[in-house]
Amino acid sequence: MNKIRRILGESWAITFVCVIVGFILSTEFRQESEKETVSPIDELSTQILKLEWERDELQKKITALQQKFEPSTEEISIIEDLKMKAGLTALEGSGVIIRMDDSKRALEKGENPNLYVIHDEDILRMINELRAAGAEAISINGQRLIATSEIRCAGPTLSVNNVRSAPPYEIIAIGDKNSLENSIKMRGGVEDALKVWGIQIEIQAVEKVYIPPYNGNFSHNFAKVVEEKF
Amino acid sequence: MSKALGGLIVGIFLGYVLNIPADEKICAVIFLVALDAILGGALAKRNQKFSNKILICDFFTNIIFGLALIFFGNIFEIELYYIAIFIFGFRIFKNFSAFQKILLRK
């Protein structure tokens, strides 16, 4: 007891309380400095890393399962054919590239600016015309159109396959390039109707265009396969 | 005086090394109680009335009372610990000014 008294001094209680004050101060200070370092960016980046890791693991599983499955050459050709028809393969061939952009015309007073921007309906008309002219595969801004693809205005952007993109839009179609070009350029056709509003359309018939595959998910939650009925 | 400063440094070191997660309210109350105890002790020493036992006893009962206020404040959802902060802050200023007067008169 005397030893402790010698170390801590005559009024050891004050020293003791001083230790506690220092303890509280540094604990609190340490906590404050730690709070600052954990920013939302760090949290999000760790989340991204984690998700990327998960994705890679799943990708590995897929390749492992695919290697186990050994189809015959006939089956492979059927699968490739179905994949091509479903839009899961990249395609190349002669076709057209159409670039569309919003009108550059200056608005007059009291005019509705909606008239001079590209809407989903304009794109739909264009796609419809291309399909009527025998387009075999179509993509919009790199998004492959498949049977379930939507073309829809999402605010000022366009949503295709649930992926949004902003103007300018680039529509690529594979087919007979002359008939595709003519279907758009014909008198009273889509191009004429849209040019009234100053929407810029540029059509280019090319010998070789590339169309990327569809890389989204297929979900059939409600549809079931049944026998054909008459 | 030097012993007290040494204690402060030891405390800072301990707090930094141990790194205990602590509630802000509890920290604030203990901090104020401790400051009050130090100033009160220094004043008592000047007046030749200093007693280690009284200081320690006072310190711990004050902390217990402050923690009780935080606890009940959390239950009633009223910030009752403001009472502790207010009273101890008041006492710190009072003790400090009394200390100042003694030093100036000397």
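Residues that are closer than 17 Å to A:V21 by Cβ and modelled with pLDDT of 85 or more occur in the stretch B:50-57; there is at least one.
Only one of the numbered conditions (1) among the β-branched types (V, I, T); (2) touching a strand residue (DSSP E or B) at 6+ places or on another chain (Cβ under 6 Å); (3) in a helix (DSSP H, G or I) is not met by A:I78, and that is (2).
If only residues of the stretch A:27-53 that are assigned to a helix (DSSP H, G or I) and of a type in the set (G, A, S) are counted, the one that is modelled with the highest pLDDT is A:S45. Residues in the stretch B:1-28 that are surrounded by 12 or more Cβ atoms within 10 Å (Cβ to Cβ) and facing chain A (nearest Cβ under 7 Å): 14 in all.
Restricting attention to the stretch A:183-207, the residues that are in contact (Cβ under 8 Å) with a residue 40 or more places away in the chain and assigned to a loop (DSSP other than H, G, I, E, B) total 4. Checked across the stretch A:21-32, the condition of being of a type in the set (D, E), at the interface with chain B (Cβ under 9 Å from one of its Cβ atoms) and open to solvent by 70 Å² or more (accessible area, probe 1.4 Å) holds for no residue.
Output yes when any residue across the stretch A:189-201 is aromatic (F, W, Y) and modelled with pLDDT under 90, and no when none is. There is at least one residue in the stretch A:189-201 that is aromatic (F, W, Y) and modelled with pLDDT under 90.
Scanning the stretch B:83-97 for residues that are surrounded by fewer than 15 Cβ atoms within 10 Å (Cβ to Cβ) and of a type in the set (G, A, S) turns up B:G89, B:S97.
Restricted to the stretch A:134-182, the set of strands (runs of 3 or more DSSP E) holding at least 1 residues that are farther than 22 Å from A:V209 by Cα comprises A:151-154, A:157-160, A:163-165. Given the conditions (1) without any contact (Cβ under 8 Å) to a residue 60 or more places away in the chain; (2) open to solvent by 90 Å² or more (accessible area, probe 1.4 Å), report the number of the one that A:E92 does not fulfil. Every listed condition holds for A:E92 apart from (1). Annotation for the stretch B:48-70: no member residue is in contact with a Lys or Arg (Cβ under 9 Å, 6 or more places away or on another chain), facing another protein chain (nearest Cβ under 7 Å) and not hydrophobic (A, V, I, L, M, F, W, C). Would a scan of the stretch A:107-118 turn up a residue that is assigned to a helix (DSSP H, G or I) and open to solvent by 80 Å² or more (accessible area, probe 1.4 Å)? Checking the stretch A:107-118: at least one residue is assigned to a helix (DSSP H, G or I) and open to solvent by 80 Å² or more (accessible area, probe 1.4 Å).
Given the criteria charged (D, E, K, R), part of a loop (DSSP other than H, G, I, E, B) and open to solvent by 50 Å² or more (accessible area, probe 1.4 Å), does A:K224 qualify?
So A:K224 fits the description; yes.
Scanning the stretch A:100-119 for residues that are free of Cβ contacts under 8 Å to residues at least 60 places away in the same chain and polar (S, T, N, Q) yields A:N112, A:N114. Would you be able to say whether some residue in the stretch A:63-74 is open to solvent by 90 Å² or more (accessible area, probe 1.4 Å), free of Cβ contacts under 8 Å to residues at least 12 places away in the same chain and under 29 Å from A:I151 (Cα atoms)? Within the stretch A:63-74, none of the residues are open to solvent by 90 Å² or more (accessible area, probe 1.4 Å), free of Cβ contacts under 8 Å to residues at least 12 places away in the same chain and under 29 Å from A:I151 (Cα atoms).
The values are calculated or read from the model by the stated rules, or taken from the named source; none is laboratory data. Just so you know, these numbers come straight off a predicted model, no measurement behind them. Neighbour counts are summed over all protein chains in view; Cβ atoms, including those assigned to glycine, are modelled from backbone coordinates with ideal geometry. Keep in mind that these areas ignore ligands, DNA and RNA; they rest on the heavy atoms of the full protein, side chains included. Shrake-Rupley method; radii C 1.70, N 1.55, O 1.52, S 1.80 Å.
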